[in-house]
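Okay, structure first, notes after.
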Amino acid sequence: MLDFLPIVFLVITGLGAIVGGTWDSTKEGTDKLTTPGRVAAITLLFSTIFSSYVAYNNYESKQQKETYKIEISSIIANQVNESIRELLAPFRALYIENTGGYYLPDEEITLSMLLTPENIKKSQVTCFKDLPKTFTSSSGRTWDERFSVGISRGVHKLKQLKLVHSNHIDSNLLKSIYDLLDNGIMTIYAYSPREKKPENGKEPLHDKCFIGQPIGSHKQYLTMIKTISDANKSNVFIN
């Protein structure tokens, strides 16, 4: 409503000018202003004040929206990065296994390194029922357990992000998240119940060497994660 007040004031000022007689040159000082002139001057003053007020409010509102946009975009980017970190944890551990067991920080094991043909080939033939052979860990987890924990955590974080911020996520990023959740072969780990060890100590009939090991699954899944990572770098906030 305030946006229209300056227009009303300008109309009143214009009518005063049309009527004429706003200035009496025979008088001195402010007495030179006739009644129509005083109305026009007061109206012009109020118009200036309200125009300034509306302009300032619009500026403040725009600044608040920009700040909100930056904050939400940052939250989304951080949550996506945290999800990716969880998803990549078992793949990075497997990379360390494949390169001799020498520890490397997460940031030094990039997606490009994980996607090299040599690493994919070694990863693809890893028996998931085995423990790591080139390094020891206090968790004592098999590769099957490592992938189950990492992918479950990453998928859970992506689902929470999608649930809370889907209206603010860029379509390319949202599409890549849906693609991994719905079509990623190894996402099944997030929905598979952990298998209890048999009481008789015997191995289950199925062979865990084949769990999560269909041809191309490692490359497919890592490519999906890379697509999410690339989209996250150029994520555009949706109002």
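The values are calculated or read from the model by the stated rules, or taken from the named source; none is laboratory data. Here the structure is a predicted model, which is why all the values come from computation and not from measurement. Here the Cβ is made from the backbone with ideal geometry for all residues, glycine too, and neighbour counts use every protein chain on show. Surface accessibility is based on the protein's heavy atoms, side chains included, excluding ligands, DNA and RNA. Shrake-Rupley method; radii C 1.70, N 1.55, O 1.52, S 1.80 Å.
A single entry from R92, R85, R38 fulfils the requirement of being open to solvent by less than 60 Å² (accessible area, probe 1.4 Å) and touching a helix residue (DSSP H, G or I) at 6+ places or on another chain (Cβ under 9 Å): R92. F147 falls short on exactly one of the conditions (1) among the aromatic types (F, W, Y); (2) over 26 Å from N232 (Cα atoms); (3) at pLDDT 90 or above, and that condition is (2). Kindly evaluate T142 against the criterion of being farther than 28 Å from K162 by Cα and open to solvent by 20 Å² or more (accessible area, probe 1.4 Å). Spelling it out, T142 is indeed farther than 28 Å from K162 by Cα and open to solvent by 20 Å² or more (accessible area, probe 1.4 Å). Run down S152, S47, S74 and say which single residue is closer than 22 Å to L181 by Cα, of a type in the set (G, A, S) and either open to solvent by less than 50 Å² (accessible area, probe 1.4 Å) or within 30 Å of the chain's Cα centre (by Cα) (or both). S152 is the lone residue from the list that is closer than 22 Å to L181 by Cα, of a type in the set (G, A, S) and either open to solvent by less than 50 Å² (accessible area, probe 1.4 Å) or within 30 Å of the chain's Cα centre (by Cα) (or both).
Taking the criterion of being under 14 Å from T99 (Cα atoms) and either surrounded by fewer than 16 Cβ atoms within 10 Å (Cβ to Cβ) or in contact with a Lys or Arg (Cβ under 6 Å, 6 or more places away or on another chain) (or both), the residues of region 120-136 that qualify are I120, K121, K133, T134, F135.
Among the residues making up region 155-167, a single one is open to solvent by 40 Å² or more (accessible area, probe 1.4 Å) and touching a Ser or Thr at 6+ places or on another chain (Cβ under 8 Å): K157. Restricting attention to region 168-206, the residues being modelled with pLDDT under 85 and either open to solvent by 60 Å² or more (accessible area, probe 1.4 Å) or not polar (S, T, N, Q) (or both) number 20. Screening region 71-99 for residues that are β-branched (V, I, T) and in contact (Cβ under 8 Å) with a residue 40 or more places away in the chain and picking the one that is farthest from V155 (Cα to Cα) gives I72.
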